[in-house]
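Read the structure below first, then the notes.
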Ligand code: NAD
């Protein structure tokens, strides 16, 4: 085999392996490797795909969002695709992202930095101010109908103060306190415990009995939506300022930044303090704030070009220790 043939073979083996892992993670809620290991294999695939663009398989995880949608729930077609995010792992990746945005837009712009909540994304629809439907991201085009389960989340408003037609999107998560209590209860009952709050949130939102979901106390932070221009929300900064007026819960720790330096300071600050938060985060999302500029930048097949997710370095050993401290 030539070196090229070997690389192409490796590329195709990685697609099989990553697809298998994605099925375990997204559909079965039972990952068999850490996120860091998945990310390492995925980055290896991306780098090979860059070298051999003519050999990219259509079933490659780089060509789609998430995985197939489970058959357990009714399917919902999203009003607009729910995308993934491109990843950054170091300062150079952030610098490159910022420089590329400036280059594409021909000027310096404002960014909003947010915590990357480690949960699963949801789209929630209101008609005339009434809660009518909630869906998972699924494969980005089609998600699972989880209306009854999301309705049990206390912080999700069921009736808005104004008769709005609006879709809000965000992350459902399980607070650390709910996760610890759930695992303690399960251990006492002789049941298998959940590996982490993200898996347990994903399993909980896909319960067939909404009463089980209600007992496990999930929560949500909203960070985007599909809505009319009349709301006067023209940027991510506007969205964070105005969503609370409609009872939509947002994470308060977002920050407007004006340079790669400011973005990096935020990443370091939040990374240093992340274990003190009452919920898990796995990184920082950096977004171009202005919606017109976002539209100008556009998207790839899988992710917007106006945002990037910085992933914190893996800290498995530390998390393990902390879990033990809490449970004794
Ligand atoms: P992603 O997790 O890298 O980023 C996209 C997601 O971030 C969004 O869909 C949204 O749900 C979430 N998010 C959280 N806070 C947000 C915010 N403030 N603004 C916008 N989005 C926010 O991409 P992905 O496609 O959801 O998943 C890929 C990741 O899933 C991998 O990098 C890996 O970490 C994990 N994964 C792990 C395995 C495994 O076997 N362990 C398998 C597949 C995927």
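Residue pairs whose Cβ atoms lie under 8 Å apart, separated by 6 or more positions or on different chains, with the first residue in region 301-314 and touching a residue at least 24 places away in the same chain (Cβ under 8 Å) and more than 21 Å from residue 291 (Cβ to Cβ) and the second more than 10 Å from the ligand (Cβ to nearest atom) and in a loop (DSSP other than H, G, I, E, B), are 310/89; 311/89; 313/89.
Scanning for something loosely packed, with under 14 Cβ neighbours inside 10 Å, under 20 Å from residue 125 (Cα atoms) and touching a residue at least 60 places away in the same chain (Cβ under 8 Å), does region 221-231 turn up at least one residue?
Within region 221-231, the first condition is being loosely packed, with under 14 Cβ neighbours inside 10 Å, and the residues that meet it are 228-230.
This time we only want the ones that are under 20 Å from residue 125 (Cα atoms), so: 228-230.
In the following step, the residues that additionally are touching a residue at least 60 places away in the same chain (Cβ under 8 Å) were identified as 228.
Within region 221-231, one or more residues are loosely packed, with under 14 Cβ neighbours inside 10 Å, under 20 Å from residue 125 (Cα atoms) and touching a residue at least 60 places away in the same chain (Cβ under 8 Å).
Within region 150-261, considering only helices (runs of 4 or more DSSP H) that don't extend past its boundaries, which have at least 2 residues that are modelled with pLDDT of 95 or more and out of contact with any helix residue (DSSP H, G or I) (no Cβ under 9 Å at 6 or more places or on another chain)? Walk me through how you get there before you give the answer.
Details: elements: 176-188, 197-205, 210-215, 236-242.
By residue number, 176-188, 236-242.
Taken together, 63, 43, 24 contain a single residue that is more than 9 Å from the ligand (Cβ to nearest atom) and either farther than 17 Å from residue 308 by Cβ or in contact with a helix residue (DSSP H, G or I) (Cβ under 6 Å, 6 or more places away or on another chain) (or both), which is 63.
Taking region 266-288 as the range and being in contact (Cβ under 8 Å) with a residue 60 or more places away in the chain and either assigned to a strand (DSSP E or B) or out of contact with any strand residue (DSSP E or B) (no Cβ under 9 Å at 6 or more places or on another chain) (or both) as the test, the residues that pass are 278, 281, 282, 283, 284, 285, 286, 287, 288. Under the condition of being over 15 Å from residue 87 (Cα atoms) and in contact (Cβ under 8 Å) with a residue 24 or more places away in the chain, the residues counted in region 40-55 number 5. Within region 236-253, being under 14 Å from residue 170 (Cα atoms) and in contact with a strand residue (DSSP E or B) (Cβ under 8 Å, 6 or more places away or on another chain) holds for 236, 239, 240, 243, 248, 249, 250, 251.
When 263, 205 are screened for being within 16 Å of the ligand (Cβ to nearest atom), within 23 Å of residue 144 (Cβ to Cβ) and in contact (Cβ under 8 Å) with a residue 40 or more places away in the chain, only 205 passes. Restricted to region 27-40, and to residues there that are assigned to a helix (DSSP H, G or I) and under 17 Å from the mean Cα position of the chain (by Cα), the residue that is farthest from the ligand (Cβ to nearest atom) is 27. Considering region 70-142, the qualifying strands (runs of 3 or more DSSP E), each wholly inside and each with 3 or more residues that are buried (at least 16 other Cβ atoms within 10 Å of the Cβ) and in contact with a strand residue (DSSP E or B) (Cβ under 6 Å, 6 or more places away or on another chain), run over 111-117, 120-127, 130-136.
The values are calculated or read from the model by the stated rules, or taken from the named source; none is laboratory data. These figures come from a predicted structure and were not determined experimentally. Note that each Cβ is placed from the backbone with ideal geometry, even for glycine, and that neighbours are counted across all protein chains shown.
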